[in-house]
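What follows draws every value from the coordinates through simple rules; no lab data is involved. What you see is a predicted model; the values in this text were computed from it and never measured. Here Cβ is always computed from backbone atoms with ideal geometry, including for glycine, and neighbour counts include all displayed protein chains.
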Amino acid sequence: MTSSTTQKSNGMWIIAALVVLLLILHQDNWFWTDDTLVFGFMPIGLFWHACISIGASLTWALATVIAWPLPDEVDENGDVSSTEEAAS
Amino acid sequence: MNHPGLPQLIIILIYLGLLLLLGLSSSRLFKGTKEDYQVASHSIGPFLLLMSLFGTTMTAFALVGSSGEAFKEGIGVYGMLASSSGIIHSLCFFLIGVKVWKFARRHKYTTQIEFFRDRLESDFIGLLLFPILVGLVVPYLLIGVISSGTVIQSLTAGLAPNLEMFQAYTPDGNPIIALNGGVPPWLGSLVICVVVLVYVFFGGMRGTTWANTLQTIVFMILGVVTFYVIATRLGGQDGLMANLNALAESVPEEKITRMEMSKTKFFTYLLIPLSVGMFPHLFQHWMTAKSANTFKVPVICHPIFIMIVWVPCVLVGIWATGDLIPAKPPLPSNPNTILPFLVKTQTGKVLGGLLAAGILAAIMSSLDSQFLCIGTIFTNDVLTHYKGKENVTDAQQVLYTRLFIIGIVAITYLLSLGNVKSVFAMGVWCFSGFSALFPIVFAALYWRGLSAAGAISGICAAIVSWSVLFYQALEQDALRTFVLKLPLGGEEYEIMPVVVMLASSLVTMIVVSLVTPKPSEKTLARFF
């Protein structure tokens with residue numbers, strides 16, 4: 001197994017863990033009846049979920065770096081270029 | 001220009017004219033091939049892909065439905081429908097979209113059915129999926145066509161109250177003030193259908209993508225502008241922050257919390273956005289990507305875009321429940337008309353017209369992709385498949401796709417004229433049906449052990465469970481509100497019907513696949 005394959009495999013696990021974490025944080029029972037207004041106008045339940053949206057974006061940004069499912073060498077026909085195939 | 005409804009009508013017409021111009025301009029780049037017509041010759045870059053995917057997944061519900069639901073249910077709708085979609089939609093683009101793009105480019109697929117037939121060595125799966133996919137998309141199309149007519153009527157109300165054709169009455173014969181004199185829904189829907197038909201017909205996927213990009217920009221900007229203007233007018237304070245604070249203080253506690261929302265229903269709603277993995281129109285948009293890396297921008301930006309559209313709309317929705325809302329005119333009883341109502345009563349005519357254009361943009365950016373996708377499915381998976389590729393030229397396939405699109409637009413429009421208001425309650429059922437099929441596409445991409453019999457049984461289980469639950473909801477006259485009640489430890493927990501549909505599809509698919517023959521090694525080697 002090449003080092004890039006190992007790195008990608010580790011990256012996949014990190015992203016999977018972050019997605020599970022987001023899904024757990026999404027079920028925010030702790031703010032269910034909290035009527036606090038963040039910045040004086042944003043209900044905390046809504047603020048929390050807006051943060052989840054930002055967290056999701058950051059997670060997917062990380063995914064494109066450490067766990068992208070296809071190598072950059074995949075050409076326009078969906079095939080891996082010959083140099084990449086030779087390396088693996 | 002001071003005539004009621006006229007500025008709005010002029011702005012709508014200018015906007016529709018712009019769209020036609022864009023669609024016709026894109027047709028000048030048309031290369032005359034089927035590949036160019038159906039998937040824009042796989043030439044779409046990251047920005048256009050982001051805008052077209054986002055525009056396609058966000059319907060009118062993103063603007064009017066989100067504020068309406070927030071008005072009814074409070075802030076919980078954001079977590080239930082928006083932040084969950086931010087996580088799951090991008091997950092589907094990442095896990096399903098990129099991989100199907102690779103196989104589709106390698107093996108020349110345009111539709112899901114072509115992929116499934118090849119992957120599972122089964123012609124029958126295409127025959128089975130075809131009516132299911134079309135059947136689940138049609139109500140979704142109907143919602144768009146009917147909504148467009150309703151939106152145009154409500155925002156042009158007062159235009160021609162003396163014209164008999166433009167008058168709107170309640171069943172007991174009283175004029176409906178909020179609608180009377182507005183462009184009648186049959187005419188508004190007809191105009192929208194014709195505009196979408198023209199740019200899809202001439203521009204194909206390239207026209208659709210360009211139009212989607214324009215429409216997405218329009219409804220995102222107008223959503224934020226509307227939020228700012230409404231906040232300024234309703235708050236009555238100096239400065240945006242002071243207005244926002246005053247409005248938030250006016251909202252009742254049950255709307256700024258989720259005290260009336262079921263936690264288990266909220267949790268199980270997470271499965272609904274999985275529908276994106278099986279939407280045939282999104283599949284076709286994925287195929288337009290220039291490269292696998294083109295997916296990176298949509299995967300990253302989609303959750304943020306959802307937030308930009310939904311947070312302002314949800315806030316406007318809850319403000320409408322507060323005591324800063326003027327007592328006159330009274331709020332409409334239909335929650336979905338809250339946003340147009342506030343725009344009409346709290347802002348100027350020009351913004352009203354622009355918002356109408358924004359809502360229509362959100363509707364049309366889904367309609368166009370769905371029309372094109374159904375035309376493509378008919379041409380590729382039925383006509384060309386059974387006639388034989390060698391017997392149909394490229395030019396003929398483009399012609400057939402265009403003819404099928406005309407047919408679908410005509411049928412959808414005629415259906416929309418019937419008494420089909422209940423179709424609005426179908427939205428969540430369509431999404432649930434697509435979600436129930438998610439295990440099939442996921443397994444086709446990631447599990448060598450999936451057999452044709454397993455996939456077919458899984459699809460059948462999804463459809464049978466969908467039908468049984470749908471029948472129960474109809475029996476209870478609760479299509480919109482139907483939930484299952486799970487007794488546990490002396491308490492009852494509400495869960496969405498999609499849980500049962502998805503579980504039955506998943507379990508059946510796995511069990512049957514384990515005991516039935518897999519596709520040949522030669523086929524598996526092409527995918528794993």
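Structure notes:
- The distance separating the Cα centre of segment B:327-393 from that of segment B:424-489 comes to 25 Å.
- Amide N of segment B:460-481 lying under 18 Å from the label point, which is placed 7 angstrom from the Cα of B:K72 along Cα→Cβ: B:473-481
- Using just its DSSP H runs of length 4 or more, each adding -39500 (n - 2.57), the protein assembly as shown gives a mean residue ellipticity at 222 nm of -21000 deg cm²/dmol after division by all residues.
- Label reach from A:V65 (point 7 Å along Cα→C-beta): in segment B:87-116, no amide nitrogen lies under 16 Å.
- Sequence-distant residues sharing a close amide H with B:Y493 (under 5 Å, placed H): B:L486, B:L488
- For segment B:1-144, the dipole from Cβ point charges (+1 on Lys and Arg, -1 on Asp and Glu) about the Cα centre works out to 440 debye, to the nearest 20.
- Partner chain coverage, peptide A:28-34 - average Cβ within 10 angstrom: 4
- Summed side-chain charge close to B:L155 - residues other than B:L155 whose Cβ falls under 14 Å, Lys, Arg +1, Asp, Glu -1: +2
- Classification of segment B:1-130 by its C-alpha gyration tensor yields an oblate form. The axis ratio a/c (a ≥ b ≥ c) is 1.5 or more, and b/c is at least a/b.
- The HN-Hα couplings worked out from phi for segment B:78-93 by the Karplus form 6.51 cos²θ - 1.76 cosθ + 1.60 (θ = phi - 60°) are 5, x, 5, 10, 9, 5, 5, 5, x, 6, 6, 4, 5, 4, 5, 4 Hz, whole numbers, x standing for Gly and Pro.
- Rounded if a/c under 1.5, otherwise prolate or oblate - segment B:194-305, Cα gyration tensor axes: oblate
- Cβ crowding within 10 Å, taken as a proxy for footprinting-reagent exposure, orders B:D477, B:D394, B:D172 from fewest neighbours to most as B:D172, B:D477, B:D394.
- Amide hydrogen neighbours beyond the local backbone of B:T156, cut-off 5 Å, H modeled: B:V183
- Neighbour-count ranking [beta-carbon atoms within 10 angstrom, fewest first] of B:I221, B:I96: B:I221, B:I96
- Along segment B:447-458 the Karplus relation, 6.51 cos²θ - 1.76 cosθ + 1.60 evaluated at θ = phi - 60°, assigns HN-Hα couplings of 10, 5, x, 5, 10, 4, 4, x, 5, 4, 5, x Hz to successive residues, with x for each Gly and Pro.
- Taking segment B:339-353 and a reference point 7 angstrom along Cα→Cβ of B:I10, the backbone N atoms nearer than 20 Å belong to B:344-345, B:347-353.
- Remark: segment B:249-265, residue by residue, has Karplus-estimated 3J(HN,Hα) of 5, 7, 7, x, 4, 5, 8, 9, 10, 10, 4, 9, 9, 6, 5, 6, 5 Hz, where x stands for each Gly or Pro and the curve is 6.51 cos²θ - 1.76 cosθ + 1.60 at θ = phi - 60°.
- Normalised contact order of chain B, rounded percent, pairs of Cα under 8 Å and 6 or more residues apart: 29
- Across peptide A:10-22, the average count of Cβ atoms from other chains found within 10 Å of a residue's Cβ is 1.
- Cα gyration tensor shape for segment B:32-418, rounded if a/c is under 1.5, else prolate or oblate: prolate
- Rounded to 0.05, the FRET efficiency of the B:L486 and B:N162 pair, given R0 = 60 Å and the Cβ-Cβ distance, is 0.60.
- Multiplying the residue separation of B:I406 and B:A327 by 0.36 nm and subtracting their alpha-carbon distance yields 23.8 nm.
- Close amide H partners of B:T257, meaning residues 5 or more places away or on another chain with modelled amide H under 5 Å apart, are B:I75.
- Part-to-part distance (alpha-carbon centres) for segment B:304-326 and segment B:209-280, which is given in Å: 5
- Each peptide in B:137-147, A:33-43 gets a packing score, the mean of other Cβ atoms within 10 Å over its residues, and the list from highest to lowest is B:137-147, A:33-43.
- Fewest neighbouring Cβ atoms within 10 Å first, the residues B:L21, A:L22 line up as B:L21, A:L22.
- Net charge contributed by nearby residues that have their C-beta within less than 14 Å of B:G454 (K/R +1, D/E -1): +2
- Length gained when the stretch B:N174-B:D238 is fully extended (0.36 nm per residue, less Cα-Cα span): 18.9 nm
- Among A:52-58, B:329-335, sorting by the average number of other beta carbon atoms lying within 10 angstrom of each residue, highest first, gives A:52-58, B:329-335.
- Length-normalised contact order of segment B:76-210 in % [C-alpha pairs under 8 Å, at least 6 apart]: 16
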